[in-house]
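Structure, as structure tokens:
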Amino acid sequence: MNPADLEGLPEEDKKRMLGMIETMQTRDSLRMYNSLVERCFKDCVDSFRRKNLDGNEERCVSKCCEKFLKHSARVSVRFAELNAGAEQMMQQQVAQQQGGSAQ
């Protein structure tokens, strides 16, 4: 969320809203991290004979993390594209409505 979107709110409400947004973002980041750890561990670690990962497990975890992060980045880019398109459509609809009411 853009802080400029909170322009009309009193300062106290802005601070509260930004705090809530930050908390949500932190929670989402932790959830994503935990999901990544769980998925890659389950897919890559076969045994518990050693305290360190062997070479194959380490490569698997690296590839798994890289794949997950690339996927997340792609989803974020796509979401931003869709959001920009939706915002543009809304602006066009508002402009059409204002143009129609002016006539």
### Summary
Log entry, pairs with first residue in the stretch 48-63 being assigned to a helix (DSSP H, G or I), second being of a type in the set (Phe, Trp, Tyr), beta carbons closer than 8 Å, six or more apart or on different chains, reads VAL61/PHE41
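Working carefully through the options LEU82, LEU36, find the one that is in contact (Cβ under 8 Å) with a residue 12 or more places away in the chain and part of a helix (DSSP H, G or I). Please lay out each step first, then the result.
Values: LEU82 fails: in contact (Cβ under 8 Å) with a residue 12 or more places away in the chain.
When all the criteria are applied, what remains is LEU36.
Could you tell me which residue of the stretch 49-103 is least open to solvent (accessible area, probe 1.4 Å), considering only residues that are among the acidic types (Asp, Glu) and at pLDDT 90 or above?
So the residue we want is GLU57.
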### Query
What are the residues in the stretch 12-45 that are open to solvent by less than 60 Å² (accessible area, probe 1.4 Å), in contact with a helix residue (DSSP H, G or I) (Cβ under 8 Å, 6 or more places away or on another chain) and hydrophobic (A, V, I, L, M, F, W, C), if any?
LEU36, CYS40, CYS44, VAL45
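The values are calculated or read from the model by the stated rules, or taken from the named source; none is laboratory data. Since the model is a prediction, treat every value here as computed from it, not as a measurement. All Cβ positions, glycine included, derive from the backbone under ideal geometry; neighbour counts span all protein chains shown. Remember, those area values only see protein heavy atoms, side chains included, never the ligands or the DNA or RNA. Shrake-Rupley method; radii C 1.70, N 1.55, O 1.52, S 1.80 Å.
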